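Participant: Below is the structure I would like to discuss, written out as structure tokens.
Derivation of every value follows stated rules applied to the coordinates shown; laboratory data play no part. Remember, it's a predicted structure, so these values are computed and weren't measured experimentally. Counting neighbours? That spans all protein chains shown, and the Cβs are built from the backbone with ideal geometry, glycine included.
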Amino acid sequence: MERIRESYRKNRIQFYMIVAAAVFVSLPLCTDFVNTGRDLAASLAKIRAVGAGLFHVFPLRLGPLPKTTYGYSLSVFSADVFYLFPGLLYRLGLGLQSVYKITLVCANLLTAFIAYRAFWGITEERDAAMASTVLYVWCPCRIYSIYGAGNLNEVFAWSVLPVAVWGSIRLFVQKKRDTAVLLTVGYTLLLLAWPVYFFGAAGMFVLFFLLTLRDNLTKQTLAVIVKFALAFIGVNAWYLIPMMLRMRDAGAVAPLLTEHIREYAVYLTQYVKIFAFGGDRVNVWERGLTAAEAVDPGIVVIAAVTFYLCSVFVDRQREKAIDRILIVAGILMVLSSNLVPWDMLQNKNMLFSIVLAMLQTPAKLAVPADVLLISAMGLVLSRSGRLRGWMVCLGGFLTVQFQIGRLLTIRGFLRGEQLDELSQVGYHVIEAESLFWRAAEGLSAVTVIGFLVYWCFFRHRGYEYEK
Amino acid sequence: MVKAGRKFYLFLGIEGLLVLLVLVSFFLPHRTYEYGTEIYFSETTAPSGGIMESEHFALNPGSYRITVDYSSDADMTNTCDIYSGKLDARCLATNGMQFFQGLQEDHFDMWLYRKADDLRLVTEYHGPGEFTVRGFRIVETNACRGMALFMILVISLLVDAGYFYVAYDRKKGFSREDKIVQAGLLITIFYAAYPLFGDYILSGGDLVYHLQRVEGIKDCLLHGIFPARISPEWQQGYGYASPIFYGETILYLAGVLRVIGFDVTAAFRIFMFVISTATVLLAYYSFSRILKDRYAGLVSCFLYATSVYRIYKVYYCESWGEMLGILLLPLILYGFYRIFAQNGSYVPLTVGLALLVQSHLLTGEMVGLFTIITCVVFWKKTFEISRFLKLAKAAVGAVLLSAWFLVPFADYMLTGNFVIQNVSARTIQYRGLLPAHLFLTFFRNGNNVFIDETGMYRTSAMGIGGVLMFVLFCFLYMWFFGRKEGLSETEWTASKVMAVYAVLAMVMSLAMFPWDRIQSSGQIAATLVSSIQFPNRFLTIANVMLCALAGMVVKHAAASLTKKQLAGFAVIAVILTAVSNLYLLEDEMERDDAIRVHNDEGMGTGYISGAEYLPYGADPALFMPHDPKADGDLFTDQYEKKTLGAWVYVENREQREVALAFPLLYYKGYQAYDRETGQKLPTLSDENFEVTVNIPPQFSGNIEVKFVPPVYWHAAELVSLLTLIVFLWSSLRSRRKAQA
């Protein structure tokens, strides 16, 4: 308790700021309606389905929609663990609108706290961590996921993504070897929140590894990676093994494949947009940038990164850690763009199809790129004597004001019964199909218990940053 | 000097090898594919229209020309295009074409970037009458190879330049100031060309008109015609004399890109990027030399490149004439400043004026007006011998450099009767702005330019924007309180002139300015005022003046404010720039439609905007391809439509002259000959201004109709060329002298 109190005392300004940021970004929820979004129906339906199956099946899994097309939310096999909370609220008798809104408020707060901890770990400085957290919570791409797409899986994934990013940076950039647990927790939570973001983050992990190969091809690093991989597979076996078994069926993968996938990749200029106009078009081929979805981390982040690049160009003041993060972010940005001939991978073989299906659209790679850019901005802030946290927060405030205003004023909305009607999508709870499933669940249970035992008896003293 | 190292020669070797490979590919045989598919439609078989597909065919990546053999009873209603079910839309670039009653065969171009095995020709029938496609032929072209060669050369150039940049930086090192300016210019270039980084064109008012101008240059160059005088394929092949009235010098770059093989959209984007970059660099060059301060010049340059007026004209209106005016105005301003304030060289003014005349006469008209005002106000300086000589040299030099354009222009204006000469009754005052326009900060991508009808509802972004108004108020404050720290006496006077001119230009853009009264004062005034069309065009003068003034204000601020005050000033300026200029830029991108034109046939050839350059009385709706039409018993055979001309065999069996009309729009210069004897035949225009040849009685033979520019046009071209050579030679010599 004393430790918590001490931590609060040291971080109280940051605490108020990030709570204010989370509350402010929840502004669109202070209405008597819910903005429509492409995936809203699926999100609501999942809440209903999880609520219905909550005390009947364990672990709870939702099956694919009977009527499959392609694209969002129609997961072949999504873990949906994070739906337990809204499902429980729904089961307790709250209306769908209230459940949805409470979930979003909680997700915003959770995101703020997790992000602060992660950015503190990355930047090792409170002011920079606070600014990064505020801009992360206000990230236009994230706000689009919440209020533009209405995809709760993405919202949950945004909450836990900083942990995975922190783990990767800690291992490969900060070269700290006590990262296996952090990585396991981060990537596990991400996988259970939204596999699509997990695959993006996994790509980021691989890129970091390749980029720092010369430095990190050591026994210690490889040992961390192996530990992480084993722990990750063990913890998630209950989900991964059944999913892979399902993957053998081409018919199950095919509906996830986006037709003409390159049309859903983004223009690089979308990253430097100043104003988020609240559009929701994911296919930018048809009408260009007209009403395109937001994929950028916010102009303030881009400005800070540009400031860093300019200082490298002018004064040759470079920092390896920032450079590495920016290189990986840059690669992810390019991969998310329509400059890459993604269409050459389409309709070629089962492996490519699975990769593309897991990715959904190249645009999803923008999410880890954004988090890395925000991390880089945090590092620039912590290293620069000229930039201040409040400056970037002020800039972020203006842009988020604009985006939220646009979202509230141009998008359609639904209320109470309309939401009930919208959620009549036939998700169903499925039970274990074979002995393999049960064995996988057993493996996961053993690993988690082992993990908890390790945590209780041999846990790390925590990462202390006193700057 | 920085010496090239081993790496450089390695780069050079790789580049040379790549260029060689592409060059060799030009000589590979062009693959040809014939398809005899018969597609037939009639009002009986398809009463409400129909779609039919050819058999599937496979092609390798490359560029192709598809020639369709057909007959159609209707003009421009039936169409065809190439489709693939498997290919990503980016990989198959073509817009197909429309069919004409008067043609039996026509073609269109296609760029294919992936191998495809399910291509098919899809024809759409919309009637009336019968429509038959007898077959089509696909021939590989060199377009893709040309593009590859161009890209390799450009990338090689960039790599080599980058190599020398890095080598120079390592050896001698650029100063901190150099690098800050370079970084600032890069950011400015990015924002100035922001909407061009998509793979499409933003729709705009005059877009198709200017694209047709580029196509005209391309067609002329491909047929060995230089300089272009009449765009041959415009108006369904009738031709349009836009190049004679509307200078196209700078547009040749876009035309060359089309000749190389780029599709319309790619050529547009490269051309616009080059112009945008040139605007930034020229603005920086001019402003930094006026201000004698590189940072202040950079600020002025950024404000100019991202100004509301520029964004509106370049990306919303796609007014290329004004865009080129915006490109050149800083240079002209610098030219005048150099002569009036520094008594320096006349070269910048000469170059600026010459290019302006050859790009946009209306901007030239406005510059002329402000030049007269300047000369009158500063009459003492104007009539100082050395200055007067420099001004005269600049004016005469600009006229001589532009003689190749001005002589044909004057020839047609003096001897012809065109629509443009009959619009002096068109008033402009009602199109003027409201004072509120000048004070707007949040401009949006509206489409209303007729303020008298709908007020400011969805008004177009006609104004100068918040940041430039802020600059003006800052300067007025400085003027009122006599604060001129940081500015020399000359700069202070220049600043006052700039502010006054800016205010004057803004007032002239308003609906309250008595344009109608001026217009009614005489025929010359009526013609000049009417040609302005929109008073908001005067904002282009206000824009350049205020951007230069911004640099002066920055110089003053840097010299007089504390660090904190300066930071506050910068924050206000940045926020105003973001919410005014950059907001408009992104709103354009957010709301404008994306257009992808690949082959010229895809956009049609009929659009001529206000039809200003048509012979007065011509009806362009009647311009449709047809065989030569005679008003008597005339046998014609072996008719072949050529670029700006035609060949045909004729036999006049009558005892009188028979008029033979060709599908060509008559402009002075068309002539007809007997190809065997060289006998000249009387050539004139019929009632709808088609080129008409009077065939003598009992005449038989092959005749050729073609456009032959008068000899004095060629003389004017020679004068311009000689002037250019002398100009370059003397500039080089004086530069060497100065260096020595």
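Participant: Whole-Hz Karplus ³J(HN,Hα) for region A:403-415, in order, using 6.51 cos²θ - 1.76 cosθ + 1.60 and θ = phi - 60°, x for Gly and Pro?
Facilitator: After applying 6.51 cos²θ - 1.76 cosθ + 1.60, I find 5, 5, x, 5, 4, 6, 9, 10, 8, x, 8, 9, 10 Hz.
Participant: Can I ask one more? Tell me, what HN-Hα J-couplings in whole Hz come from the Karplus equation 6.51 cos²θ - 1.76 cosθ + 1.60 at θ = phi - 60° for each residue of region B:259-276, using x for Gly and Pro?
Facilitator: Here the 3J(HN,Hα) series is 5, 4, x, 5, 6, 4, 5, 5, 4, 4, 5, 5, 4, 5, 5, 5, 5, 4 Hz.
Participant: P(r) of region A:1-43 in 5 Å steps, Cα pairs, percent per bin?
Facilitator: Going out from 0 Å in 5 Å bins, region A:1-43 shows 5, 18, 13, 15, 13, 10, 9, 10, 6, 0 percent.
Participant: Over the Cα atoms of region B:504-624, each weighted equally, I'd like the Debye log10 I(q)/I(0) at q = 0.11, 0.18, 0.23 Å⁻¹, rounded to two decimals.
Facilitator: The Cα Debye sum returns log10 ratios of -0.77, -1.12, -1.25.
Participant: Okay, moving on. Could you give the size of the charge dipole of region A:323-467 about its Cα centre, using +1 on the Cβ of each K and R and -1 on the Cβ of each D and E, expressed in debye and rounded to the nearest 20?
Facilitator: 780 debye
Participant: While we're looking at this one, here's another question. Scan around B:LEU681 for amide H atoms under 5 Å from its own, H built in the peptide plane at 1.01 Å from N, and keep only partners 5 or more places away or cross-chain.
Facilitator: Those qualifying (amide H under 5 Å, at least 5 residues apart or on another chain) are B:ALA672, B:TYR673, B:ASP674.
Participant: With no solvent and one equal point scatterer per Cα, compute the Debye intensity ratio I(q)/I(0) for the protein assembly as shown at 0.08, 0.09 Å⁻¹ and report its log10, rounded to two decimals.
Facilitator: Summing over Cα pairs of the protein assembly as shown leads to -1.05, -1.27.
Participant: Something else now. What is the antiparallel percent of DSSP beta bridges lying wholly in chain B, to the nearest 5?
Facilitator: Percent antiparallel among DSSP bridges in chain B is about 95.
Participant: Relative contact order (percent) for chain A, with alpha-carbon contacts under 8 angstrom and 6 or more residues of separation?
Facilitator: Over chain A, the number comes to 26 percent.
Participant: Right, something else. What order do you get for B:LEU433, B:LEU112 when you list them from fewest to most C-beta neighbours inside 10 Å?
Facilitator: B:LEU112, B:LEU433
Participant: Now for a different question. Which net charge results when you count Lys and Arg as +1 and Asp and Glu as -1 among the other residues whose beta-carbon is under 13 Å from that of B:TRP729?
Facilitator: Residues near B:TRP729 contribute +4 overall.
Participant: Over all directions, what mean area does the Cα convex hull of chain B project, stated in square nanometres?
Facilitator: 38.0 nm²
Participant: Related question: Could you state, as a whole-number percent, how many of the C-alpha pairs of region B:1-64 are farther apart than 15 Å?
Facilitator: That tail contains 75 percent of the Cα-Cα pairs.
Participant: Same structure again: Which one, B:ALA559, B:ILE51, B:LEU362, projects farthest toward the positive side of the charge dipole computed for chain B from Cβ point charges (K/R +1, D/E -1)?
Facilitator: So the residue furthest toward the plus end is B:ALA559.
Participant: Which ³J(HN,Hα) values, rounded to whole Hz and listed in residue order, are derived for region B:688-699 from phi using the Karplus coefficients 6.51, -1.76 and 1.60 in 6.51 cos²θ - 1.76 cosθ + 1.60 with θ = phi - 60°, glycine and proline given as x?
Facilitator: With coefficients 6.51, -1.76 and 1.60, one gets 10, 6, 7, 5, 10, 10, 8, 8, x, x, 6, 7 Hz.
Participant: A further question on this structure: Find out how many positive minus negative residues lie around A:LEU213, taking Lys and Arg as positive, Asp and Glu as negative, among other residues whose Cβ is under 15 Å from that of A:LEU213.
Facilitator: Net local charge, A:LEU213 excluded: +4.
Participant: A follow-up question, please. If every alpha-carbon in region A:2-458 counts as one equal scatterer, what log10 I(q)/I(0) does Debye give at q = 0.05, 0.11 1/Å?
Facilitator: Taking Cα atoms of region A:2-458 as identical point scatterers yields -0.17, -0.88.
Participant: Neighbour counts of other C-beta atoms within 10 Å: give me B:GLU491, B:GLU248 arranged from fewest to most.
Facilitator: The order, fewest Cβ neighbours first, is B:GLU491, B:GLU248.
Participant: Need one number: the % of Cα-Cα pairs in region A:328-467 sitting beyond the 26 Å mark.
Facilitator: That fraction is 66 percent.
Participant: Suppose only helical runs count, i.e. DSSP H with n ≥ 4. What mean residue ellipticity at 222 nm does that imply for chain A under -39500 (n - 2.57) per run, divided by all residues and rounded to the nearest 500 deg cm²/dmol?
Facilitator: -21000 deg cm²/dmol
Participant: Taking other Cβ within 10 Å of each residue's Cβ, how do B:LYS313, B:LYS564 sort, fewest first?
Facilitator: B:LYS564, B:LYS313
Participant: A further question follows. For region B:626-709, what's the relative contact order in percent, using C-alpha pairs closer than 8 Å and at least 6 residues apart?
Facilitator: Here the relative contact order equals 34 percent.
Participant: Restricting to Cα pairs below 8 Å that are 6+ residues apart, what does the relative contact order work out to for chain B? Please round to a whole percent.
Facilitator: For chain B, the relative contact order is 14 percent.
Participant: If you don't mind, another one. Can you compute the charge dipole magnitude of chain B about its Cα centre, using +1 on each Lys and Arg Cβ and -1 on each Asp and Glu Cβ, nothing else charged? Give it in debye, rounded to the nearest 20.
Facilitator: Charge dipole of chain B: 5380 debye, to the nearest 20.
Participant: Let me have the 222 nm mean residue ellipticity of chain B computed from DSSP H runs of 4+ only, each contributing -39500 (n - 2.57), with the sum over all residues rounded to the nearest 500.
Facilitator: -15500 deg cm²/dmol
Participant: How big is the convex hull of the Cα atoms of region B:151-289, per residue, in Å³?
Facilitator: Output value, Cα hull per residue: 154 Å³.
Participant: Lys/Arg Cβ at +1, Asp/Glu Cβ at -1, dipole of region B:480-595 taken about the Cα centre: which of B:ALA550, B:ILE524, B:GLY482 is farthest positive-ward?
Facilitator: B:GLY482
Participant: Quick check: net charge around B:PHE245, other residues with Cβ under 15 Å of its Cβ, Lys/Arg +1 and Asp/Glu -1?
Facilitator: Net charge in that neighbourhood comes out at -2.
Participant: With only Lys, Arg, Asp and Glu charged, each at its Cβ (+1 for the first two, -1 for the last two), find how big the charge dipole of region B:1-55 is about the Cα centre; round to the nearest 20 debye.
Facilitator: In debye, rounded to 20, region B:1-55 gives about 960.
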